[in-house]
Structure formats: structure tokens, C-alpha cells
Amino acid sequence: MTLFRGVHPGKMDMLITIEQPTTSTNAIREQVKSFSTYKSCYAERIRKPGGESIQAGQQQATMPVEYRIRHDANVVQTWRLFEGANTGANPRYYITDVQHWKREGFTLLTAERRDNA
């Protein structure tokens, strides 16, 4: 059974938590940037070959992954995600590309895990 074009709902078996950036003010009136949970949902994980990049003068390994979720027009490239619901134990993946396939009913998130981020 296919719920929407090209996507089988049975393949959406990976629980992910999507986080959005937030800014708050601390006791001495400094701006503090952090992330808060936007939502948890099930996704289909599509692995991609890894590579290396240079950021901030450092060479670092990257592991790109694609996640297919039900359509959500609010997700943007400045957000991040992790697999599962445990916020402390799982590595963060930084979203690098978002493709909204509204007609097909899904959003494709391309994210990468960085070894020293």
C-alpha cells in the first residue's frame, strides 16, 4: 500500500527529532543561542557516501544522510536533527538541503554529521 507517490509508509521506520534554533537572554543580558525541539516524527533514512570538507580551517569527515518525512513546509536549512528521542546520546545531523515535494506528500531533508561539530 502506498499512501503517497513514490513513498511506502512502511519504510518510515526511523524516529527522528527535529530541532530549531532559538535565542534567549541570560541573567547578564547576553544573547544565548541554542536549539529547541520542533517535533519528533518517523522518517525513511537514505544513506549517502561520506566525504571530507574543510570548515574553519579544519579538515573534517562528513557523513551525509537523507531523511524522507511527511510534508512539512516549516523545516528549513538552519535546523538540525538527531535519530531517536534521547537528546544526550545521539549525534546531531545538520540540515544542508530541504526539498518540499508537496504534491507527492513528503519533504526530503539532506543532513550531514560532522565529526567535530
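The values are calculated or read from the model by the stated rules, or taken from the named source; none is laboratory data. Quick caveat: nothing in here was measured; it's all calculated off a predicted structure. Glycine also receives a Cβ, built like all others from the backbone with ideal geometry; neighbour counts cover every protein chain displayed.
Tallying residues that are over 13 Å from the mean Cα position of the chain (by Cα) and of a type in the set (A, V, I, L, M, F, W, C) within segment 96-112 yields 2. For segment 71-95, taking the residues that are modelled with pLDDT of 85 or more and over 12 Å from the mean Cα position of the chain (by Cα), the one that is surrounded by the fewest Cβ atoms within 10 Å (Cβ to Cβ) is identified as 73.
Within segment 13-33, the residues that satisfy the criterion of being surrounded by 10 or more Cβ atoms within 10 Å (Cβ to Cβ) and hydroxyl-bearing (Ser, Thr, Tyr) are 17, 22, 24.
Candidates are the residues of segment 1-12 that are surrounded by 14 or more Cβ atoms within 10 Å (Cβ to Cβ) and touching a Gly at 6+ places or on another chain (Cβ under 9 Å); the one that is modelled with the highest pLDDT is 7.
I need every pair where a residue in segment 71-83 that is without any contact (Cβ under 8 Å) to a residue 60 or more places away in the chain and outside any strand (DSSP E or B) has its Cβ under 6 Å from the Cβ of a residue that is of a type outside the set (Phe, Trp, Tyr) and loosely packed, with under 12 Cβ neighbours inside 10 Å, sequence separation at least 6 or different chains. Taking only residues 6 or more apart or on different chains, the pairs are 71/102.
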